[in-house]
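This report refers to the structure that appears directly beneath it.
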Amino acid sequence: MPRSTYFCVDIECSGPVPALYDMISLGAVRVVETDAGHSIGEPFYVEIKPRAPRVDAGAMAVNGLDLAELEATALPMAEALDTLTAWVKSQTLAGSVPVFVGHNAPFDWSFVNYAYHANGRTNPFGYKALDTKALATGTLGLHWLDSNKETLETLLDLPPQDAELVHRADYDAAYQALILVRLLERSPCVDS
């Protein structure tokens, strides 16, 4: 029985740190080990109403989201978190624990964890996260600065990233799932 169900998570935000800035979208993709290898699931995606006191124009230029549109159509944070939690529970294999995976996990995890605690909810991933940048440095013998997606695209023989979709949270989570699978295939240290 697998000990871990991996969830590649990517967020888009309105600035560099939680509380002062908002997590405004979140994408996630499940990765599990099967008899035939690792299986990548269907993406989860949610957009979240902005509430924080600050907005960084540079962050908004990167994510391309419109704050006024999010205010009108996105879910309130608590509802978005409840939806994510229900999805994670429904996707976690029996007998395993959900593992948060990110490409630069400290950044994405900090927004997700802050949101759960600020809204009086339990983070389904707990207080730990698996960082594919760190996994790549150890597995591939890379310098930290060379663990970016562009370098890994070449080293792991991944399809090119779609420039039109990069920085959309569900697309980025799905691409990170490809990175995770290739790294798990090469790493003797990570259990499934």
(request) Those residues that are in contact with a Phe, Trp or Tyr (Cβ under 7 Å, 6 or more places away or on another chain) and among the hydroxyl-bearing types (Ser, Thr, Tyr), I need them from segment 95-138; list them, please. (result) 122, 137
(request) Answer yes or no as to whether residue 17 is touching a residue at least 40 places away in the same chain (Cβ under 8 Å) and farther than 23 Å from residue 117 by Cβ. (result) no
(message) Any residue in segment 154-179 that is more than 23 Å from residue 32 (Cα to Cα) sitting within a Cβ distance under 7 Å of a residue that is modelled with pLDDT of 95 or more and outside any helix (DSSP H, G or I)? List the pairs, counting only those 6 or more apart or interchain.
(response) 167/12; 167/64
(request) Name the residue, out of 164, 185, that is of a type outside the set (S, T, N, Q), closer than 26 Å to residue 60 by Cβ and at pLDDT below 95. (result) 164
(request) Test residue 102 against the criterion of being crowded, with 17+ Cβ neighbours inside 10 Å and among the small types (Gly, Ala, Ser), and give yes or no. (result) yes
(message) Going by what's in this entry, would residue 177 be described as at pLDDT 95 or above and either surrounded by fewer than 13 Cβ atoms within 10 Å (Cβ to Cβ) or closer than 26 Å to residue 19 by Cβ (or both)?
(response) no
(message) Contact list please: Cβ distance under 8 Å, first residue in segment 28-52 and under 22 Å from residue 79 (Cβ atoms), second residue among the polar types (S, T, N, Q) and assigned to a strand (DSSP E or B), pairs at least six apart or on different chains.
(response) 30/5; 45/25; 46/25; 47/25; 48/25
(message) Restricting to segment 92-104, name every residue that is under 22 Å from residue 174 (Cβ atoms) and either without any contact (Cβ under 8 Å) to a residue 60 or more places away in the chain or touching a Pro at 6+ places or on another chain (Cβ under 8 Å) (or both).
(response) 92, 93, 96, 98, 104
(message) Could you tell me how many of the residues in segment 105-118 are buried (at least 22 other Cβ atoms within 10 Å of the Cβ) and more than 17 Å from residue 45 (Cα to Cα)?
(response) 1
(message) Checking the conditions here, which among 129, 134 is closer than 15 Å to residue 102 by Cα, in contact with a strand residue (DSSP E or B) (Cβ under 9 Å, 6 or more places away or on another chain) and among the aliphatic types (A, V, I, L, M)?
(response) 129
(message) Of the conditions (1) surrounded by fewer than 20 Cβ atoms within 10 Å (Cβ to Cβ); (2) within 18 Å of the chain's Cα centre (by Cα), residue 142 satisfies every one except a single condition; which number is it?
(response) (2)
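The values are calculated or read from the model by the stated rules, or taken from the named source; none is laboratory data. Keep in mind the model is a prediction, meaning the values are calculated, not measured. Glycine gets a Cβ as well: all are built from the backbone with ideal geometry, and neighbour counts include every protein chain shown.
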